[in-house]
Each structure stands twice: as structure tokens, then as C-alpha cells.
Amino acid sequence: QDWKTFQKKHLTKARDIKCDNIMSKTLFNCKDTNTFIFSLPGPVKALCRGIKVSKNVLSRSEFDLSECNVKSKPCKYKLKKKSDGICITCRDEAPVHFVGVGSC
């Protein structure tokens, strides 16, 4: 995955995510879980500054997060909101994979 795809899958300007709607889109194909970061691209990309080779990075600051978890098939989700640090994989100075929340 590249930075452009990472942004589509994990960055959002909306605080209120409609999990059932967004997770049914082709990009997600009703996968079990996905975490959305309420942030402009700049602060997330800044975590990868200076990192060329693939490496996991944990943010020092917290981000507002919305997590969509499947509660029933097909494609019905429960929304969970929280604030926490994020762990991402950086490559060529850009996020390419969302690893997890709170720790790497």
C-alpha cells in the first residue's frame, strides 16, 4: 500500500463515521475492522520524516480515533471512539500501513 491509499483507508475529516456505509465500500470490502484517524495528512505524515526504509513508528502525541468493528454479517459495524497514540509503518518518508493503537 502507498501513502495515497493509506490516506483513503485511515484519514478522515469527519468526527462522526458511519461505519456501515463506509465499510461496505469497495476499498474496505466489509473487512472485520478498520481504524480512522481524525487528522489532516500533515501531522500523520510528519511521523515518518527522515525514515526511508520500512520501519514501525509510534506517535508521541495522541490522535482522535474512530474504530469500526464488525458486529454481525454482512457488513454491520459498531463504532468505538478513543484518543491514543498510533503505530504506523513508514517507508520513503510516508505512512504506508496502520499497525495499531497505543503501542507497536
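The values are calculated or read from the model by the stated rules, or taken from the named source; none is laboratory data. What you see is a predicted model; the values in this text were computed from it and never measured. Neighbour counts are summed over all protein chains in view; Cβ atoms, including those assigned to glycine, are modelled from backbone coordinates with ideal geometry.
Some points to look at:
- In the range 39-60, the residue that is surrounded by the fewest Cβ atoms within 10 Å (Cβ to Cβ) out of those that are among the hydrophobic types (A, V, I, L, M, F, W, C) and under 14 Å from the mean Cα position of the chain (by Cα) is LEU40.
- For the range 36-62, taking the residues that are assigned to a strand (DSSP E or B) and either touching a helix residue (DSSP H, G or I) at 6+ places or on another chain (Cβ under 8 Å) or among the polar types (S, T, N, Q) (or both), the one that is farthest from LYS8 (Cα to Cα) is identified as ASN56.
- Restricting PHE36, PHE28, PHE63 to those that are modelled with pLDDT under 95, surrounded by 15 or more Cβ atoms within 10 Å (Cβ to Cβ) and either touching a Lys or Arg at 6+ places or on another chain (Cβ under 9 Å) or at negative phi (or both) reduces the list to PHE28.
- Index of the failed condition, ILE22 passing every other in (1) in contact with a strand residue (DSSP E or B) (Cβ under 9 Å, 6 or more places away or on another chain); (2) at pLDDT 95 or above: (2)
- Tabulated pairs, the range 67-87, first part of a strand (DSSP E or B), second modelled with pLDDT of 95 or more and of a type in the set (Lys, Arg), C-beta under 6 angstrom, 6+ apart or interchain: GLU67/LYS80; ASN69/LYS78; LYS71/LYS78
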